[in-house]
């Protein structure tokens, strides 16, 4: 007959779960950082990657204080969160993908904050104050990361689209003849449309429809950006 489970056993089990979660993140965060476009977000992810290594080290210390090893368990919840986040990496490049990756990262932060908060409380209840201090340090850093991600999410450009999905075009192009237009392809897919200085704005030519313009350009995008009104069509 097995002995009754004690709160210390729960503490050890949850430390192992968090350790598995952190070691999985150590492998996953660099992949996420490579996928984002926003420089501040990329730097933030890599800064948290360094923190995550320290978080894992603290859990090793905490487990050792309890006479246990931190390894030996797989956190299935974190595995699922990381798999979901990796799906976002395959989205078209741009701010929309960054927003999706922020959402995935926020889910991870919520999970870790919940886990560290409970484990810290358990450590205090069984009189493991040194372990509680270690866990509280990590809990504070996870909360700080959560708030930083929220700040970045609040400044994501709502007009930003993936480059392939949103060529740039000016409404003034609608009243110009083809010879009066400068077209320039930047990279593989950014289309810049501008007027020659000698073009007559008050052209007597009929207006071009959007469909005719894209047929002329050999493009059929789902959206385009009107640079005059700054709205996505």
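Coordinate-derived values only; no laboratory data. Note that the structure is a prediction, hence the values are computed from the model and not measured. Positions of Cβ are generated from backbone atoms using ideal geometry, with glycine treated the same way; all protein chains shown enter the neighbour counts.
Listing for the model above:
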| quantity | calculated |
| --- | --- |
| At R0 = 41 Å, FRET efficiency that the Cβ-Cβ distance of residue 93 and residue 65 yields, to 0.05 | 0.35 |
| Packing rank of 110-116, 26-32, where each peptide gets the mean count of other beta carbons within 10 Å, highest leading | 110-116, 26-32 |
| In nm, spacing of pseudo-spin labels at residue 54 and residue 34 (7 Å Cα→C-beta vector) | 2.6 |
| Cβ-based exposure ranking for 89, 12, in which fewest neighbours within 10 Å come first | 89, 12 |
| Residue-span extension gain [residue 3 to residue 110] - 0.36 nm each, minus C-alpha spacing | 35.2 nm |
| Cα Rg, Dmax (largest Cα-Cα span) when computed across region 1-130, Å | 16.6, 58 |
